Amino acid sequence: MTRFMTRMFKIALPDGSVKEMPEGSTPADVAAAIGPGLAKAALAARVDGEVRDITRPFEGDANLALITSRDEADALELVRHDYAHILAEAVQNLFPGTQITFGPATDDGFYYDFAPTAEHGPFTEEELPAIEEEMRRIIAADRALVREVWTRAQVRDFFVKQGEAFKAEWVMELPEGETITMYRTGDDKDAWVDLCRGPHLASTGKLDPNAFKLTRVSGAYWRGDPKNPMLSRIYGTAWLNKKQLDAYLVRLEEAGKRDHRKIGQEMDLFHLQAEAHGSVFWHPKGYRIWRELEAYMRRRLDAAGYVEVKTPQLMDARQWEKSGHWGKYRENMFVVPDEIPHGSDDEADDQPILSGDADLMALKPMNCPAHVLIFKQGITSYRDLPIRMAEFGCCHRNEPHGALHGIMRVRQFTQDDAHIFVREDQLVDEIVAFCDLLDSVYRELGFDSYAIKLALRPEQRYGSDEEWDRAEQVLRDAVVKSGRATAEYGWEELPGEGAFYAPKLEFHLTDAIGRTWQVGTIQADTVLPERLDATYIGEDGQKHRPVMLHRAIIGTFERFIGILIEHYAGKFPLWLAPVQAVVATIVSDADDYAAEVASKLAAAGIRVETDLRNEKINYKVREHSLAKVPLLLVVGKREAEEGTVAIRRLGSDEHQKMMSVDAAIAMIRSEAVPPDLA
Ligand SMILES: [Zn+2]
Ligand SMILES: [Zn+2]
């Protein structure tokens, strides 16, 4: 009798215990050995840090963490990827001849790009319910999702035979020698197979058939290149259970109602048009919000010891080469030739309008180099530092049209930018002071919750590792010292996410419906002062390099106002509201009185309009509440006789309140005081 020695692997679990498992066993076996509850709940496994299929055998000793639906981020990514496969299978079942390409998980679900047959053409939204039905059938069949390793040639031959030209093309571009995996849904002859890195759940039955919804269709080019064929993309949203899906759909609907583009139109704040792609036309009411916000920020900066500057819009392209921006940012810069265009009244009309060999100027994509140029004027002593140089700087970046979004993603924007020049020994305190300032600005602007994240060095970067170590540590120390390196502030570190010249702290606001927006940043930079040769004279009489802190609190006015609109759903606090009150008449007899009330309010500094139209009062109320006017002062014959107004508040069920005009003015004025002056 021969006895085979089975190799045993040591599998270490998160609680520190170690299980001995025979070769060939899988994370699913470990889960089963621990208990039937876990065996059922486990969706996938983290093996030595890598997320893997729960049925993939161990290759040796390993650290194992089982992933359940409690590990929400991992679990969501896994199920969304599964849904993408199931979507593709369902589409091919219903529409034979459709070719598959790619289908990744997204932030809220998944999509898959298909090449439909010529007869069928692109998919339509009317077809989505039938596809969802077929997906539910596949989920109910509880078919296994099985990982297989194939060779490149096998994969190509398989897809060629299946008539899958896109997949056959793609696989041949994977590097030779790379492990190529195919995922099979089902193990019968009807199995559906896709080229895929995985991982996946063990079977389709692990998904909740009521936790997904196909949402829309769009066109997308094969590999994102307009020279390639147009594919038909189907989007879906997917969650771990129906409750999550429903909550998401409500949030989506709420976000739609709050869309700044829609509210911006209803309140007559701004518009965009194709002649100025990505640049905002601010209307009087929208610009009023801007002015109030700018005045507020300016008061806060003045009080915090900043000096304000204004720097050129256009600079010689060579200046951007020196600062290192030309190489990294050139494709996003608007370039202007420094010459007078050839006029049409000239005799030689066939000349080109521009010669093509003039010097190039560039519209600034950022303010940093210009601030260093101001810093370099004259001699700076160590006693002069820190210098906090602020600019509401208007910048341009050439973003592709497809990337633009209302006033949130634009090509011309104004930052609440500042650069703080400091000595090394001042760094931590200066960053702490910034964190305190930012904290109070966010709270005063109506945001109670935000998260702080430290974005660490990226692959591509300037500067030595020692410099990066130091720069990262300074930011970390400052957040700790400010008392905010805590769970309450969502404190975490993000490897690889810093800018090419420095690590940064990011500040992510949470809005009224729980969405997050990265707005504030601060980064400690030694590279730009070096490249542009900025120095100060130290206590030792020698030249030293200052460190430069790049920082912003609200980011850009355009995007921040967009966020404010969506956060408040247009119902701004009184100090920011573009129109604070409307005096509306019930009868035309009160016209003179309404005008008198309005002029008293205006004289008291209140932003007021009158509505003397010959319309029913209910109609006026509806219209002004759509325009989100906070206060409506209704006047009729009685009010005119008594010298009073009837006040209605936007969105309040309270009955209107009668007040004397003077009392109303006093109330509005005190309510409209900006938070920093209150
Ligand atoms: Zn896949
Ligand atoms: Zn900067």
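The values are calculated or read from the model by the stated rules, or taken from the named source; none is laboratory data. Note that the structure is a prediction, hence the values are computed from the model and not measured. Counting neighbours? That spans all protein chains shown, and the Cβs are built from the backbone with ideal geometry, glycine included. When the accessible area is computed, the model is the full protein with side chains, heavy atoms only, and any ligands, DNA or RNA have been set aside. Shrake-Rupley method; radii C 1.70, N 1.55, O 1.52, S 1.80 Å.
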- Message: Can you find, within segment 432-452, the residue that is farthest from ligand 2 (Cβ to nearest atom) among those that are open to solvent by 30 Å² or more (accessible area, probe 1.4 Å) and over 15 Å from residue 297 (Cβ atoms)?
- Response: 448
- Can you pull out the residues in segment 84-97 that are more than 17 Å from residue 184 (Cβ to Cβ) and buried (at least 19 other Cβ atoms within 10 Å of the Cβ)? 91
- Residues located in segment 47-74, provided they are open to solvent by 50 Å² or more (accessible area, probe 1.4 Å), within 17 Å of residue 35 (Cβ to Cβ) and among the small types (Gly, Ala, Ser): 69
- Do we find a residue being out of contact with any His (no Cβ under 7 Å at 6 or more places or on another chain) and away from ligand 1 (no atom under 15 Å from the Cβ) anywhere in segment 191-203? no
- Message: Regarding segment 137-151, can at least one residue be identified that is free of Cβ contacts under 8 Å to residues at least 60 places away in the same chain, more than 20 Å from residue 240 (Cβ to Cβ) and part of a helix (DSSP H, G or I)?
- Response: yes
- Message: Name the residue that is farthest from ligand 2 (Cβ to nearest atom), counting only residues in segment 512-544 that are basic (Lys, Arg) and open to solvent by 60 Å² or more (accessible area, probe 1.4 Å).
- Response: 543
- Message: I'm told residue 123 meets every condition in (1) in a helix (DSSP H, G or I); (2) among the aromatic types (Phe, Trp, Tyr); (3) more than 21 Å from residue 200 (Cβ to Cβ) except one. Can you identify the failing condition by its number?
- Response: (1)
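Within segment 100-123, count every residue that is open to solvent by 40 Å² or more (accessible area, probe 1.4 Å) and either at pLDDT 95 or above or more than 24 Å from residue 145 (Cβ to Cβ) (or both). Write out each step before concluding.
Going through segment 100-123, the residues open to solvent by 40 Å² or more (accessible area, probe 1.4 Å) turn out to be 102, 104, 106-108, 111, 118-120, 122.
Those still in the list that are either at pLDDT 95 or above or more than 24 Å from residue 145 (Cβ to Cβ) (or both) too: 111, 118-120, 122.
Number of matching residues: 5.
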- All but one of (1) surrounded by fewer than 19 Cβ atoms within 10 Å (Cβ to Cβ); (2) modelled with pLDDT of 95 or more; (3) among the hydroxyl-bearing types (Ser, Thr, Tyr) hold for residue 237; which doesn't? (1)
- Message: Six or more apart or on different chains, Cβ atoms under 6 Å: show the pairs whose first residue is in segment 574-589 and in contact (Cβ under 8 Å) with a residue 24 or more places away in the chain and within 17 Å of residue 286 (Cβ to Cβ) and whose second is basic (Lys, Arg) and open to solvent by 20 Å² or more (accessible area, probe 1.4 Å).
- Response: 578/285; 578/288; 579/607; 580/607
- Looking at residue 429, is it open to solvent by 10 Å² or more (accessible area, probe 1.4 Å), out of contact with any strand residue (DSSP E or B) (no Cβ under 8 Å at 6 or more places or on another chain), more than 15 Å from ligand 2 (Cβ to nearest atom) and of a type in the set (D, E, K, R)? yes
- Query: How many residues does segment 458-488 hold that are closer than 28 Å to residue 445 by Cα, touching a residue at least 12 places away in the same chain (Cβ under 8 Å) and open to solvent by 30 Å² or more (accessible area, probe 1.4 Å)?
  - Reply: 4
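From 301, 360, 373, grab the single residue that is more than 16 Å from ligand 2 (Cβ to nearest atom) and either among the hydroxyl-bearing types (Ser, Thr, Tyr) or surrounded by 13 or more Cβ atoms within 10 Å (Cβ to Cβ) (or both).
Working: 301 fails: more than 16 Å from ligand 2 (Cβ to nearest atom); 373 fails: more than 16 Å from ligand 2 (Cβ to nearest atom).
Of 301, 360, 373, the one residue that is more than 16 Å from ligand 2 (Cβ to nearest atom) and either among the hydroxyl-bearing types (Ser, Thr, Tyr) or surrounded by 13 or more Cβ atoms within 10 Å (Cβ to Cβ) (or both) is 360.
What helices (runs of 4 or more DSSP H), lying completely within segment 423-542, carry at least 1 residues that are among the small types (Gly, Ala, Ser), under 27 Å from residue 561 (Cα atoms) and away from ligand 1 (no atom under 16 Å from the Cβ)?
Numbers: elements: 427-444, 465-481, 527-531.
In segment 423-542, 427-444 are the helices (runs of 4 or more DSSP H) which contain 1 or more residues that are among the small types (Gly, Ala, Ser), under 27 Å from residue 561 (Cα atoms) and away from ligand 1 (no atom under 16 Å from the Cβ).
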- Might you let me know whether segment 315-323 holds any residue that is open to solvent by less than 20 Å² (accessible area, probe 1.4 Å), in a loop (DSSP other than H, G, I, E, B), of a type in the set (A, V, I, L, M, F, W, C) and away from ligand 1 (no atom under 16 Å from the Cβ)? no
- Result of the Cβ filter at 8 Å on segment 352-369, keeping first residues that are on the phi > 0 side of the Ramachandran plot and partners that are away from ligand 2 (no atom under 11 Å from the Cβ), at least 6 apart or interchain, is 356/337
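Hey, among the residues in segment 570-596 that are open to solvent by 20 Å² or more (accessible area, probe 1.4 Å) and assigned to a loop (DSSP other than H, G, I, E, B), which one's farthest from residue 269 (Cα to Cα)?
Quick first cut of segment 570-596, residues open to solvent by 20 Å² or more (accessible area, probe 1.4 Å) only: 571, 573, 586-589, 591-593, 595-596.
Still in the running and assigned to a loop (DSSP other than H, G, I, E, B): 571, 573, 586-587.
Working: 571: 13, 573: 16, 586: 27, 587: 30 Å.
Residue satisfying both the conditions and the ranking: 587.
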